[in-house]
Structure formats: structure tokens, C-alpha cells
Amino acid sequence: MGEQGVDETILEVQGVHTFIGQHHILQGISFDAKADAVTVLIGRNGAGKSTALKTVIGLLPSSKGKIIYKGKEIQKNRPFEIARMGIGFVPENMGIFSELTVEENMRVAMLVENEATARRLDRTLEMFADLKKFWKAKAGNLSGGQKQMLAIARAIVNDTSLLLIDEPSKGLAPIIVDAVIDAINRIKEHSVVVLVEQNFYMASSVGDYFFILDDGMVAHAGHVEALIQDEALQSKYLGISEAEE
Amino acid sequence: MAESILRRWNQELTIAGAIVLLLLPLIGIQPKTYLTLTIAGIAMGMLLFLVASGVSIIFGLMDVLNFAHGALFAWGAYVGFTVFKYLMKWVVADSVLQNLAVFFIAIVAAMVAVALLGVVLERVIVRRVYGNHLFQILITFGATIVLVELIRVFWGPNDETMTVPLTFAGNWDIMDVIVYRYRVICIVIGAMVYAVLQLILKKTKLGTIVRAGVEDRDMVQAMGHNIYLLFTGVFAVGAGLAALGGLAMSIFSLQVYPDMGGTYLLFAFIVVIIGGLGSVTGSLVGALIVGLTYNYVAYLVPWAAAGVNILIMIIILLIRPTGLFAAGK
Amino acid sequence: MAGPTPVQIFHEEEKKRQYRSGTFFLKVGLLLLFLLVPVLFPAFKTIDLAMQIVLFAVLVASFDILLGYTGILSFGHGMFFGIGAYCVAFLIGKYGMPSYTNLALGFLIAAIVSAALALLISFLTLRVKTIFFAMITLAIAELAIILATKLTGFTGGEDGISLNTPGIFAVSFNMGDFMGLEITGRVFTYYFILFSCIALFLIMLRFTRSPLGRVLQAIRDNVQRAEALGYNTFLYQSISITFGCIMAALIGGLYAMWVGYVNPESSLGVLTIMLDVLLMVIIGGMGTLYGGIIGAAFLKITQTFLPDLQHLAMDLFPHAQLLHNVLERWLLLFGILFILVVIFFPKGVIGSVNEYLLQRKMAKPTISPSSFTPTPPGNRP
């Protein structure tokens, strides 16, 4: 990752349309993720943020448009193929296997079990000490914050160069949100991150670039610093509009 | 904490209740007959377990309710029947080794042939209707018609008599309790299959992935595992177990007939509803409940035997709609 | 809720179009044909064939209320049909004299019994998963057959019950010639059943087009959304299932009147009645009601003329043993047909034709609110 230039784009989504049943959720969405940066997708409920991530990982089929990852079109690939290319995914509900132990959750996540994976596992467990503590416990008995840690840990234990995380702050206490911010800031060093986030505090703490989604399209985009200064934009898409829902 | 204590207490209560229920038939049955019936019930339960575990795990992982499972069961019986027919000398030979050999060959042939049939079924038919329960049931029901009719084309429409390998025939008389040999074999087979399944599911990585898939298929895919290969594999294993069940059952009941799958599919459905869809242990417990009650009631009140399991199923649905051992979902 | 919704406007327009379209004349023609069958083809074989088609077409329509309009697969529909047949047979055959009152009472009891049983099964299964309905109805239907066979004293066992229809429906009744047609009890029975079936069909048509029917389709298409809109899906599904099962029982009663006997295999059988109904609904098309007519006609005509076909094949190709084997196992062909239709024409004949007409009529394909759109079983693995 060090070899890549600062402006290099690792993921490019171009005019993608996605349907869920008969509902046209993504209506020509375009965004990208630059290397060595955290890109944040922001938008109201139903704007299509989660759908965008699921479309990238392939869990939802796109009907039109291109998704280019490391210069390769992946929109026709199946989820497991996309994941093997080095894309990690943390869904909104975290996707924890609650009947399995923490250890088994991690084992399912490890695609290859070699020395490099073992090193990454050590590094990950160092980052999330709680997981080590509850290594043999059923994942379903973990707290919400610990589950989020486990979900992220599963995604970074492989050699991922792009990590898609869907609302990691959802339903977590503020102090745990800080811990998640901490974790993402450390992950940033190894992997590009695309984050769906509604919590402006979190988005502004970790994000470099932002895209605001509205009705399945990108309404605004730019540097997160610019968003922090633009209070009109914030209130339009983050604060007030949520109250309207 | 309180909840887990409650749950444990609940568990112990359940076990105590189960033991009481198990002994209840003693009121109306002589102890020696009771033992014979119990062994018969466990043997039948183990055979039902072989069919039901496939239905259960296929549903748990793939969310597919396979109505063709009964037809696969019948195919297993017929493949075994053919092996017996060609190696009849070994079946009737007064040699434990030859008997065991022919039994083993029949099991392997039935399981492999039907597992392959399962692969074809999954790849050609079931795969097209993932995610749509209605179409799954319809299409697997259609597959049942075709598979059963193919049996009639290949083996003829009539009942055929199945021969018991000589060693397995007859019974032991242990302190005046009559123990049929073949029933013991059935119990051993069922217990072995349960142990192997548990070992695979709990101790191997593949098994762990399957259990993870039962909880959240999408997540398993998004982690880079080829879920479709897994589906095919699980379907094949389920088909193989159905074949083993069919073969074992045909020796148990001394006959094969084209429609034999239907009855046992029903039993399997009752078992998985009682035990909980998606759980192997649930299938075992459900199968034992069905096997034992069937035998007790058939002895005590013969005409009620067919209905009692449906009654148990209805009671379970009323008090615990997801079954005794609901899977993670 | 008030004011014409787009769906209502669509249905209004559809209604207007109906009387001008070719399908309207097709329906009238079909009705005339069935009305004239006893006059034109007085042979018993043809009248019986026509009657079987009518009965099964309406039975399939009642099954379609569950399958196509509620999204619930029942393997117990044959059982409800059988319950109706047995109720009528009990009242005018085994436990009562053939009188009009007893006949009416038989239908009434059939409706009550089937309604109670349908509600019970709905209550047991729908709370859990709708697919449980398929499993449990299969189990209960099997139990019903066992009971009907074993409880010989009550049901007549395997031999079943013969029944005599009262008054003008009696086999012995004969009014003499009328315009060349011999007016017998059979002719009266034919018309009575035909008109009853038409009435039942119209009731079902009305049911599916009522607000209740629309809610059902909304539930079928998306349970979560319907629940979010505040509909009690459990209640609606139970009502629909009960309605469909009562219809099946009434048709069963009519069937018993026509064939004059009931027995477990022909009236209750999962592998006889249910199989036919499933084949018919799939071939005709789910969610159309009219599909049943095509499915029933196709299957009944094929079954009637299959022996002739076998003889013909025997004469033409006396040495093709495989062909004879396959023809003897015609169910195999139907099974393959069944699978192919589910995969490639999930909407059946009527549905596919509708879709084709709709696509031709409109410049760009739109989604019709009345057409059944199950998640198409695409080839995506």
C-alpha cells in the first residue's frame, strides 16, 4: 500500500443502479475511494448507503453501471470472489455468528491459515483485547461494543486492502464509539476504508472524503474538512432531515 | 445471569420430564416387553434421524425445504436392493465376513449413487429457486414425481422383498428380553452417524463454516467462502444420509416399493418440526421421540399409532413453535 | 385510504376493457360450450369429461386462492375436498335418506368442518413460518387418509360409501325426451353442478378483486411491508385460507354428487387429487383463477385419451419398448413438464399469455398491479 500514490483510486463506482425487488434503490450512484484515506458515505435513512456497500461486495446485484476495484471490473463477480480479492465487509447488523465462539468466528473469517494470517491475528487481538479475554465465549453473549470489535477484527484478519464498514457507531455508547474511532484510525494504516456513518462526530473524526447520498444518488461530495465548515449542508443532510423522517 | 440459571433449571426440568414420559408406558406394558419396544423405538428413531438430519441441515444452511428427500430415500433403498440382488450369495451365506462385506458395499453404493443424484438435483433444479420457498416446494415435489416414476421404470412398479443378511437376522435372548439383532445394528449406525456429524460440525473448519452459514449465509459469502459449493456439498451429504436411511429401513421392513419415500418423508417432517429445523441434535431427539412413541402406542392402542406423532407435533407447535432445538436464526 | 388509487384506476380500466376484449368472447364461448355439452355430445364419456373439467377447474381456482393469492402452499387441499365429499356422502348416503334437506345440510356441515379445521391449521402454522403450512397439511392429509381407511365403521373404510342423490338428481329420474335430449337425473345433476361451479367461481373472482383480496396480494408480495403498513397478516392469511378450504369442501360435495361414491383414495388422496390439482395450477398459471380451466382441461383430456394414445403407439411402433414404458409411466412426463413449467414459465399458460399481451400493448413493459410477480426463479445461483 505504501507504493500507491496519495491520489490513487482503489475503488471506483460508476453510475450504478441497484434494485431490491421492485424498488429502485441506487439510481446511478458514483463515488470512489482513494488510497490511504477514509471515505465516508452520509445520507438519510433509505438514501441507499447500505445498499451501496452491499452492491460493492456483490450481495446485491447491480443492474447497470461499473464497479472498478484496483483497475478491474467486479460488478459481475460473486460475493466470495470479490471478498477474496481483498475486500472486507462489516454489515450494519455486524453479521456475528452468535452461536459460534469468538474463536470460531475468527476461524471462519480466516481464508488462509498461514504465518502472515497468524501475525495479523496477533495484531488484531492486541488491538481488541476484549476478544482475547472472551476467546472461548459464545459470540452471542458479547456486549454490543465487543460484537462490533469482533466484526471489524474478522474483516481485517485477512489481507484486506479495502474495508467496507456499515454504521459501526450504531447503537453504541459514546465511550465505545471513541474506541471504534481509535480502531478505525489504526486500520487506516493498513487498509483503505469506506464507511457508512450517520454519526457526524464519528464521520468527522475519521473521515477524509465524504459523499452525501440522497435518493440513490450522490448529492454532494468533497473533503470532510469542507463539510465540517459547511453547517448548512450538515443540517440539511445530517441533523434536521433525520428529525423530519 | 438469572436468565442462564433459569435456562439451566429449565433444561434439567426438561430432562426429568423426558425420563418420566419415557417410563410412563410401563403402566400398561410388561417390563420385558417394554424393553423390547424401547429398543425397537430407538432403532426406528435412529433410522428416522438419518432422513430427518438431512432435511434439517439442508433447510438450516440453504433455507430449502427439500420435498424430494423421500424420493432420495427410496432410491437409496433400491440401489441397496440391487447390490443385494447381485451379491445374493453373500447375503445368504453363513459367514459374518461376507454378510458384513455385502452390507458395507450396499451402503457405499447407495450413499455414493444417491449423493451424486443429489448433486444433479441441486445443480440442475434446486439452484434455480433459491430464496423462494413456494417454488422450492413445488419444484422438489416435481422432482419427487420424476424420481419415483424413474424407480418404476427401472425396477418395475411392484413391491420387492428385501433380504436380511444372515448374520443380522434373528435375535438375541438376553434374560428373557428379546433383542432383534438388526435393531442393534440400526442403533449403532445411527449413533455413529450422529457422532461423525457432530465431530465434523464442531471440530473441523468446514463444519464451523457450515454452522456459520446456518446463521448468516450472506456473511459467510462476504468472507470469501464459496457458499454454492458448500450448498452442493451439504445437499449431497443430506442425500447420502437419506440413502443410508432408505437402505437401512428397507432391511428393517423387509421390502422396497416405489412410494416408500412418502411415508418416511412425513415422519422426517414431523421429526424436524419437533426437533427444530437446522439442528442435528434436534433431529436426533425428535427422531427418538417419534420412534419411541410410535412403538409404545402401536403396542398399546394400535389404531392410534399413526396419529399420535402428529398430536405430539401439534403440542410442540403450540408450546414451542420453533421446535425443541431451534437453530440460531 | 379514500379516493381512487392508481391500482383502483387500473382495475376500473381493466374492467372496461374486459367487455371489448377477445378474452371476454372466449369466456362466453367457453360457457356456451359447457352448457351445450349434454345436447351436443350426450355420450356419458364426454359429459363426464366435461363435468370433471368443470369441477377440477373450480377446485384449482380455490387452490389458487391459497397458492397464487396468498402465497401459501397446502398439501391438504385434497383433504378438504374429501371432507366435503364425505360430508355429503354421510348425509345422503350412509347416515341419512337422500332428500334435498339432507343434501343442503351435508354442504353446510362440510363448510363448517372445513372452516374449523382450516382455522386450526392456520393458527398452528402461520405463527411460525408459512412453509410449515405445506409440511403440516401434508402430515394431516396423510392422517386423514389413514383415518378414513382404518375407521371402517364410520367411513366405510377402503370401499367407501355409495350415495343416492335425491329427487330430480337421482339416477333413476327420467323426464323423457326434450328436443332430442333425454332429460335424466344425470342431466339435471350436470346443470346443477355446472351452475353451482360457476357461482363458486364468481364468488372467488369477487373475493380476489375485493379490498381484502388486494391486501392479500400485498402480503404475498411483501410480508414485511404489509406488516409495516399495519395489516394483521396472520388474520388476513387465515381468512383467505379458510375461504379457499370451504370452497374446496363445497366442490368436494358436488364431486360426490356427480360420481355417486366416495372412498379414501379417490376423494382424499394426496397422490391422486393433490397431484392433479398441483399439475393443473402450475400448467394453467398461479394467481389467475382462470388458469385452472386450462390446466384442468389439459390434464383431464390427456388422462382420458392416454389409453388411446398408448394403443396408437403400440400399433405404430410395435417394437419400441422404451416408448411404451415411458407412455405407461405418463406421470414421469408430467413430472418433467411440471419442473420445466416451474422453471421456465413460472406464471403458467395464462400468466405467460397475459404478460405477452401486456408487453405488446404497451410501448415499454410496466409492472401490472394485478399480475402475479413472484420472485422470478432466475438463473442466478
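The values are calculated or read from the model by the stated rules, or taken from the named source; none is laboratory data. All values reported here derive from a predicted model rather than from experimental measurement. Heads up, the Cβs are rebuilt from the backbone with ideal geometry, glycines too, and the neighbour counts pull from every protein chain shown.
Brief remarks follow.
- Selection count where residues are over 19 Å from the mean Cα position of the chain (by Cα) and in contact (Cβ under 8 Å) with a residue 40 or more places away in the chain, scope the range B:169-209: 5
- Scan of the range A:49-70 for residues that are within 12 Å of another protein chain (Cβ to nearest Cβ) and in contact with a helix residue (DSSP H, G or I) (Cβ under 9 Å, 6 or more places away or on another chain), ordered by number: A:54, A:56, A:57, A:58, A:59, A:60, A:61
- Test: residue in the range C:227-246 that is within 16 Å of the chain's Cα centre (by Cα), closer than 30 Å to residue C:184 by Cα, more than 14 Å from chain B (Cβ to nearest Cβ) and in a helix (DSSP H, G or I): yes
- Residues that are more than 14 Å from chain B (Cβ to nearest Cβ) and among the small types (Gly, Ala, Ser) within the range A:140-176 comprise A:143, A:144, A:145, A:169, A:171, A:173, listed in sequence order.
- Tally of residues being free of Cβ contacts under 8 Å to residues at least 40 places away in the same chain and either closer than 18 Å to residue A:163 by Cβ or of a type in the set (A, V, I, L, M, F, W, C) (or both) across the range A:91-111: 2
One line per residue, one yes/no per condition, for (1) of a type in the set (Gly, Ala, Ser); (2) buried (at least 18 other Cβ atoms within 10 Å of the Cβ); (3) farther than 19 Å from residue C:267 by Cβ:
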{"site": "C:89", "(1), (2), (3)": "yes, yes, no"}
{"site": "C:92", "(1), (2), (3)": "no, yes, no"}
{"site": "C:95", "(1), (2), (3)": "no, no, no"}
{"site": "C:99", "(1), (2), (3)": "yes, no, yes"}
{"site": "C:103", "(1), (2), (3)": "no, yes, no"}
{"site": "C:114", "(1), (2), (3)": "yes, yes, no"}
{"site": "C:120", "(1), (2), (3)": "no, no, yes"}
{"site": "C:123", "(1), (2), (3)": "no, no, yes"}
{"site": "C:129", "(1), (2), (3)": "no, no, yes"}
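- Residue C:249, sole failed condition from (1) crowded, with 21+ Cβ neighbours inside 10 Å; (2) at pLDDT below 90: (2)
- Flag for residue B:194 being in contact with a strand residue (DSSP E or B) (Cβ under 6 Å, 6 or more places away or on another chain), within 25 Å of residue B:283 (Cβ to Cβ) and either modelled with pLDDT of 90 or more or surrounded by 12 or more Cβ atoms within 10 Å (Cβ to Cβ) (or both): no
- The condition of being more than 24 Å from residue A:26 (Cβ to Cβ) and either touching a Gly at 6+ places or on another chain (Cβ under 9 Å) or among the small types (Gly, Ala, Ser) (or both) holds for only one of A:172, A:163, that being A:172.
- The single condition from (1) in contact with a strand residue (DSSP E or B) (Cβ under 9 Å, 6 or more places away or on another chain); (2) surrounded by fewer than 24 Cβ atoms within 10 Å (Cβ to Cβ) that residue B:94 fails is (1).
Quick grid of which residues meet (1) among the basic types (Lys, Arg); (2) at pLDDT below 80; (3) not in a helix (DSSP H, G or I):
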position	(1), (2), (3)
C:319	no, yes, yes
C:324	no, yes, no
C:332	no, no, no
C:353	no, yes, no
C:360	yes, yes, no
C:371	no, yes, yes
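- Scanning the range C:70-91 for residues that are of a type in the set (Ser, Thr, Tyr) and either more than 12 Å from chain B (Cβ to nearest Cβ) or closer than 15 Å to residue C:259 by Cβ (or both) yields one hit, C:86.
- Number of positions in the range A:71-83 that are facing chain B (nearest Cβ under 9 Å) and surrounded by 17 or more Cβ atoms within 10 Å (Cβ to Cβ): 5
- Qualifying residue in the range A:112-122 (condition: within 16 Å of the chain's Cα centre (by Cα), in a helix (DSSP H, G or I) and either within 14 Å of another protein chain (Cβ to nearest Cβ) or more than 23 Å from residue A:9 (Cα to Cα) (or both)): no
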